[in-house]
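> Once you've had a glance at the structure underneath, I'll fire off some questions.
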Amino acid sequence: MPRFTPRQFSRLVFASALYDLVVTAPFATPWSFALVQGQLSAINSALGGQALPLFLPFHTLMAGLLGSIVVVWSLLRLRAPEQRFGRYDALGRLMFSLWMLWAWQATQAPVLWLFLLPEMAWAALQLAPVKAAER
């Protein structure tokens, strides 16, 4: 596992926030999520899975809540890419990964791996040791 300098770690936190913003922003509104849901369903089918179920308004609300909070969390880390936020983000990613593994075990939807693998990689990187700041 790499040992990051504080500056490198700050860049890592920034990069993970940028990744989250790009990947999650489409989930933040019912209209953008409707487009994404169709694309995810097509990708899942192309990977050998079944078409994803249609989302009812309540499901779309849950996706929008997730997207909205992750967008805000991403903006915070873009503005303040601090080590402590990277550590909290790693914890969140581990939690998300467990939920995705649960969903994969229940559905076998291959599209989940497109989200799960980056989540685990970002979590591992943001749990890496950071060198003490030099004076």
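> Among S68, S97, S45, which one moves the most in a GNM of the chain with springs linking Cα atoms closer than 10 Å?
S45
> Here's something else I'd like to know. Over the chain, what is the relative contact order in whole percent, taking alpha-carbon pairs under 8 Å and six or more residues apart? Don't skip to the end; give the middle numbers.
Numbers: 142 pairs, mean separation 55.9, N = 135.
Contact order relative to length: 41 percent.
> Computed from these coordinates, which is Rg and Dmax of the Cα atoms in Å: (1) 23.7, 77; (2) 16.4, 56; (3) 15.2, 51?
(2)
Laboratory data are not the source of any read-out in this text; all were calculated from the coordinates shown. Everything numeric in this text was worked out from a predicted model, so none of it was measured.
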